[in-house]
Amino acid sequence: MSCGIPVLATAVGGVPEIVEHGRTRWLLERPSVEKLVLDLKGIWLHREALAPIGRAGRESVLTRFYPKSYMNELDALYNNKLKVFNLK
């Protein structure tokens, strides 16, 4: 996604946190061969939308997972937990 390539992924592990179905694009909730074929056909029929979807995915990843931003979010999370347990 950070390269601007539209994504078709399965909803396992941390993938749903990154891929937003309908925005940064296709997320298969219950993958099957039939569902994959239907989704790929739909993507092909609407391939003019691939460039904007790729740009939205890149923007999403760079905004949410850019190393400095991600480190700042983790730092804030850990500092908040330390305060909750009176460790800071």
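The values are calculated or read from the model by the stated rules, or taken from the named source; none is laboratory data. Because the structure is a prediction, the values reported are computed rather than measured. Backbone-built Cβ (ideal geometry, glycine too); neighbour counts: all protein chains shown. Just the protein is used for accessible areas: all its heavy atoms, side chains included, with ligands, DNA and RNA removed. Shrake-Rupley method; radii C 1.70, N 1.55, O 1.52, S 1.80 Å.
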Quiz item: Sorted by packing (mean other beta-carbon atoms within 10 Å per residue), highest first, where do 15-22, 70-77 land?
Solution: 15-22, 70-77
Exercise. Kindly report the accessible area of the chain per residue (heavy atoms of protein chains, probe 1.4 Å, no ligands, DNA or RNA), in Å².
Key: 76 Å²
Practice problem: Report the net charge of residues surrounding ALA11, where surrounding means a beta-carbon distance below 9 angstrom and charges are Lys +1, Arg +1, Asp -1, Glu -1. | Solution: 0
Practice problem: Can you find, among LEU40, ASN79, ILE5, the residue farthest towards the positive end of the dipole of the chain? Put +1 on the C-beta of Lys and Arg, -1 on that of Asp and Glu. | Solution: ASN79
Practice problem: Set the Förster distance to 22 Å, then compute FRET efficiency between SER2 and VAL84 from the Cβ-Cβ distance, nearest 0.05. | Solution: 0.10
Practice problem: Would you work out what percent of the accessible area of the chain, with all protein chains in place, is carbon or sulfur (probe 1.4 Å)? | Solution: 61 percent
Quiz prompt | Among (i) 56, 26, 15; (ii) 55, 37, 32; (iii) 43, 26, 21, the entry that matches Cα extents along the principal axes in Å as calculated here | solution = (i)
